[in-house]
Amino acid sequence: MLNYIKYILAGTAFGIILVKSEVMSWFRIQEMFRLQSFHMYGVMGSAVVVGALSVWLIKRYNIKSMDGEPIVIAPKKFQKGQIIGGLLFGIGWAITGACPGPLFAQIGSGSTVVAVSLLSAIVGVWVYGKWQHKLPH
Amino acid sequence: MNWILAPWPWYVSGPLIGLIVPLLLLLGNKSFAVSATLRHICAACVPANISFFNYDWRKEAWNLFFVFSIVLGAFLGHFCLSENAPVVVDPRLANELATYHITDYSELIPVQIFSWSNLISVQGFLFVVVGGFLVGFGTRYAGGCTSGHSIMGLSNLQWPSLVATCCFMIGGFISANLLVPFLLAL
């Protein structure tokens, strides 16, 4: 349990940022997909710039993790799911106004009905797992 | 303290989200991911002998702690670190939503759509249940979400993540401009 406190703190910080940046707002997502606001593009763009710079620095200087392990990032393999699943997720993202992280954030900020969306998302993952072998990949 | 209580601009919140990437790598060699938790929940609760859920989810317990803590952080962010003023949206969006009688901006999500009382309507069911299903099914099929692909994957210059991110956006553009107006009119 003690080992996990650092992840609890990191998750709490992420939750605070998701609310304060309003990226978990259904309204902000609608503005983004109607090209009415730069906010979401600014958030995601600057997050990627900072993330990429950090990963580059970690690799460049061989920075180790706290436990002294060399840092390993699993590569992403291409499969058709990134296209089909990606499109389906995009459709759901604009409807719920939330990707998975914000679903948790919306619940925490008092929208308890979103717990039903989360449950439905878990069912969606289960259905994918059940019929994965029949889907194109 | 006003700057803490007001919504944070993109150039503050974006870089902070980006810093979660090195934070998790340095804390424990973990890659930033959120949607994988939904798979771990299935593996822990209803594996049903499905090979996709047949793995030691306990090894990924950090991910469950990280993601469930988002609920706590959001609670603090909303109830302790916000003045909870109405959300300010672009007038074009407000005008469009007004035609569907969406006028309540007291919360970050439209409470007139996302509420327990609206859940039993066809509209509420489509927004809450069908929308949620697509988020879960789609992210797992794509092998990641906005965190795993769009932030972690792009930060690590993975081209499959760029493909996934473009598809997220295309799906979102189609949905927000064609499907959501139809759902709002129900």
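The values are calculated or read from the model by the stated rules, or taken from the named source; none is laboratory data. Only a predicted model underlies this, so the values are computations on that prediction, with no experimental measurement involved. Ideal geometry is used to build each Cβ from the backbone, glycine not excepted, and the neighbour counts take in all protein chains shown. The accessibility values were calculated without ligands, DNA or RNA, using every heavy atom of the protein model including side chains. Shrake-Rupley method; radii C 1.70, N 1.55, O 1.52, S 1.80 Å.
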* Do you know which of the residues in the stretch B:169-186 that are within 18 Å of residue A:40 (Cβ to Cβ), among the hydrophobic types (A, V, I, L, M, F, W, C) and in contact with a Phe, Trp or Tyr (Cβ under 6 Å, 6 or more places away or on another chain) is nearest to the other protein chains (Cβ to nearest Cβ)? -> B:176
* Do you know which residues across the stretch B:1-32 are more than 7 Å from chain A (Cβ to nearest Cβ) and surrounded by fewer than 23 Cβ atoms within 10 Å (Cβ to Cβ)? -> B:1, B:2, B:3, B:4, B:5, B:6, B:9, B:12, B:30
* If you go through the stretch B:105-113 one residue at a time, do you hit one that is of a type outside the set (Asp, Glu), at positive phi and open to solvent by 50 Å² or more (accessible area, probe 1.4 Å)? -> no
* Structure fact -> Only unsatisfied item for residue B:126, checking (1) under 22 Å from residue A:113 (Cα atoms); (2) assigned to a helix (DSSP H, G or I); (3) of a type outside the set (D, E, K, R); (4) open to solvent by less than 40 Å² (accessible area, probe 1.4 Å), is (4)
* To do: Answer with yes or no whether residue A:65 is in contact with a helix residue (DSSP H, G or I) (Cβ under 6 Å, 6 or more places away or on another chain) and open to solvent by less than 20 Å² (accessible area, probe 1.4 Å).
  => yes
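Determine whether residue A:129 is more than 18 Å from the chain's Cα centre (by Cα), open to solvent by less than 10 Å² (accessible area, probe 1.4 Å) and farther than 10 Å from residue B:136 by Cα.
Yes.
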* Do you know which residues across the stretch B:12-25 are touching a helix residue (DSSP H, G or I) at 6+ places or on another chain (Cβ under 8 Å) and over 13 Å from residue B:67 (Cα atoms)? -> B:13, B:14, B:15, B:16, B:17, B:18, B:19, B:21, B:22, B:23, B:25
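Taking residue A:101 as the residue in question, decide whether it is open to solvent by less than 30 Å² (accessible area, probe 1.4 Å), within 25 Å of residue B:179 (Cβ to Cβ), touching a Cys at 6+ places or on another chain (Cβ under 8 Å) and in contact (Cβ under 8 Å) with a residue 60 or more places away in the chain.
So residue A:101 passes the test.
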* Can you tell me how many residues in the stretch A:21-62 are open to solvent by 30 Å² or more (accessible area, probe 1.4 Å), charged (D, E, K, R) and more than 7 Å from every other protein chain (Cβ to nearest Cβ)? -> 2
* Can you find a residue in the stretch A:60-68 that is of a type in the set (A, V, I, L, M, F, W, C), in a helix (DSSP H, G or I) and farther than 14 Å from residue B:154 by Cα? -> no
* Among residues of the stretch B:83-104, those that are small (Gly, Ala, Ser), open to solvent by 40 Å² or more (accessible area, probe 1.4 Å) and either touching a Phe, Trp or Tyr at 6+ places or on another chain (Cβ under 7 Å) or within 26 Å of residue B:8 (Cβ to Cβ) (or both), counted -> 1
* Which condition number in (1) touching a Leu at 6+ places or on another chain (Cβ under 7 Å); (2) at the interface with chain A (Cβ under 7 Å from one of its Cβ atoms); (3) open to solvent by 20 Å² or more (accessible area, probe 1.4 Å); (4) over 21 Å from residue A:106 (Cβ atoms) is the one that residue B:134 fails? -> (4)
* Asked: Name the pairs: first residue in the stretch A:61-73 and more than 19 Å from residue A:4 (Cα to Cα), second residue of a type outside the set (Val, Ile, Thr) and surrounded by fewer than 10 Cβ atoms within 10 Å (Cβ to Cβ), Cβ to Cβ under 8 Å, at least 6 apart or on different chains?
  -> A:70/A:62
